[in-house]
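Rule-based calculations on the coordinates, nothing more; no lab input. Note that the structure is predicted; figures quoted are calculated from it, not measured. Using ideal geometry, Cβ is built from the backbone for each residue, glycine included, and neighbour counts are taken over all protein chains shown.
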Amino acid sequence: MIVIIDFGSQFNQLIARRVRECRVYCQIEPPTITAEEIRSLAPEGIILSGGPSSIYEKGSPRVDDRIFTLGIPVLGICYGMQFMVDSLGGDVRKADKREYGFATLFTKSNSVLFNGIEGETVTWMSHGDSIQAVPQGFEVTASTENTTIAAIADAQKQFYGVQFHPEVEHTVKGRQIIRNFLYDICGCKRSWTMKSFARETIEQIREKVGDKKVILGLSGGVDSSVTALLIHQAIGKHLTCIFVDNGLLRKDEAAQLKLKLKSHLNINIRFVNAAAQFIKALSGVSDPERKRKIIGKIFMDVFEAEAKKIKDADFLAQGTLYPDVIESRSAFGGPTAVIKSHHNVGGLPKKMKLKLVEPLQYLFKDEVRKLGKTLGLDEDLVWRQPFPGPGLAIRVIGEVTKKRLDVLREVDAVLQEEIRAGGYYRKLWQSFAVLLPIKSVGIMGDGRTYENIVAIRAVTSKDAMTADWARLPHKLLGKISNRIINEVRGVNRVVYDISSKPPSTIEWE
Ligand code: XMP
């Protein structure tokens, strides 16, 4: 296991991903962690991440420097290396020449970190500070044109530092460098698999929950389905899931999910149809945030009323993922009290005095999918695209009525069918339609029409933090538009959204 100390770099999740790709488990920890706490985790290595600060400035983040006395190999990246140098008696200063972007690295082949990388290699740099003098025991193992000390090593103590970012794709041999650190320096084994993760997590859930009962809000998305499977395998019938149909789902989705979840998961599930309640409360509301608040509030009420029927429940399970956990930490101060809640039940644990179980809190989305597969989850559920809690209510722009929801459902059904038939469903992070609150003139047969416009949105993304519009083939877009206008009454124009996030968001509201 590897501990990654988070000094606030925008790339720290990438470091974690790279380590896990090598089948080595890792955890990102805030700099407030103590050397004793790290020792108790018994890591095989420590990686110090980059960060936006300058080590010589007051208040810059530091981790307990006794980590250098634990006898554990350390790799410092960018700011992480500068922290190591500063702590061990070297000198870091503002660089004469800052370096951003690609830089050719000249390596010295005798460093284990550069095993298999002889001579020159392209790296990616982003720094305004440089090392002027290395601490005692260190040697310089690589340089670039602008940076004489671009990599350092104290091979005896197994301390390594690199000024560039091996975790980003632009560093051509970045993966090799991380592999060298993990396998050749730390002696890590390739032992972290979804099977082992599942086994350990199920055991941990058993230990935590004992013979108490757990409630879970099941949405049919991959996160909550995998959470359900894990907990069910740990405690069986002591888990009860609640599925709330809010009337804002896709066409036939509630019925299909009901069938699938029931037949496939063999778990206690209570289905609650609260569609009428949601639609009534949304009547006359156009403001997106008000829509969200109303939907969140009713969801809470419905969920709570159902949850109260389950006697002696002590725990609420949630499918919170790792990016949410990391995002909700302040950059330098460690975890904040509130962790972003996925399923609109954020306030519930406190209100109902429930403790939280979040078995996916160390996983990324694609790892959850792998875990789902390992646990035997139905392929369809494994690959479902994310769907927002407020559902189609934030895709009917402006006022939400049953009639407008139905138009959007028909449009969306055609879109989904074509996206799947074209082989794009799994390649896209999300694909959906948006019903706009304006009308346009059209001509059908011999007559003039004045009808709705829909926008198609299809994006690629890894984690929804950033996204790019999908370059779908014109032929496919043409077919989608054609079918929608022909098959869905009330729509006479289709447009394609070509905005990326940022500056746009994925959803329109
Ligand atoms: P945005 O629109 O902010 O969306 O780029 C990022 C991701 O979050 C989903 N989303 C939501 N999910 N409740 C949710 O549970 C919400 O209110 C909500 N708003 C957006 C969105 O579908 C995308 O995957």
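Largest first, the three principal axis extents of the alpha carbons in segment 268-315 are 39, 19, 13 Å in whole numbers. Max-minus-min Cα coordinates of segment 15-65 on each principal axis give 38, 24, 12 Å, with the largest extent listed first. Looking at segment 68-108, what % of the alpha carbon pairs are farther apart than 13 Å? Of the Cα pairs, 69 percent sit more than 13 Å apart. Rounded, prolate or oblate: which one fits segment 354-440, using the alpha carbon gyration tensor with axes a ≥ b ≥ c (rounded when a/c is under 1.5, else prolate when a/b beats b/c, else oblate)? Judged from the Cα gyration tensor, segment 354-440 comes out oblate (a/c at least 1.5, b/c at or above a/b).
For the chain, rounded, prolate or oblate, judged on the Cα gyration tensor with a ≥ b ≥ c (square roots of eigenvalues), a/c < 1.5 rounded, else prolate if a/b > b/c?
Prolate, since a/c reaches 1.5 and a/b exceeds b/c.
Positive-end ranking of T227, A150, Q163 along the dipole of segment 145-270, with charges on Cβ about the Cα centre, is headed by T227. Compute the distance from the alpha-carbon center of segment 407-439 to that of segment 248-298, in whole Å. Going from one Cα centre to the other spans 19 Å. Extending 7 Å from Cα along the Cβ direction at N146 and again at T401 yields two label points whose distance is 6.0 nm. With N counted as the residues of segment 1-140, its alpha-carbon radius of gyration over 2.2 N^0.38 Å works out to 1.04. Only Lys, Arg, Asp and Glu carry charge here, each on its Cβ (+1 for the first two, -1 for the last two); on that basis segment 188-329 has a dipole of about 240 debye about its Cα centre.
What residue among G442, Y25, S130 has its Cα farthest toward the positive end of the dipole of the chain, where the charges are +1 on Lys, Arg and -1 on Asp, Glu, each on the Cβ? Toward the positive end, the furthest listed residue is G442. Contact order for segment 175-256, expressed relative to its length and based on alpha carbon pairs under 8 Å spaced 6+ residues apart, stands at 26 percent.
Once the Cα atoms of helix 222-235 and of the chain are each reduced to a long axis, what angle between those two axes, in degrees from 0 to 90 to the nearest 10, is obtained? For 222-235 against the chain, the angle is about 80 degrees. Using the Cβ-Cβ distance between N482 and V112 with R0 set to 56 Å, the FRET efficiency works out to roughly 0.40. The charge dipole of the chain, taken about its Cα centre with unit charges on the Cβ of Lys, Arg, Asp and Glu (plus for the first two, minus for the last two), comes to roughly 1900 debye. Among 97-109, 451-463, the peptide with the highest mean count of other Cβ atoms within 10 Å heads the list, and the full ranking is 451-463, 97-109. Annotation: peptides 18-25, 57-64, ranked by per-residue average of other Cβ atoms within 10 Å with the highest first, follow the order 18-25, 57-64.
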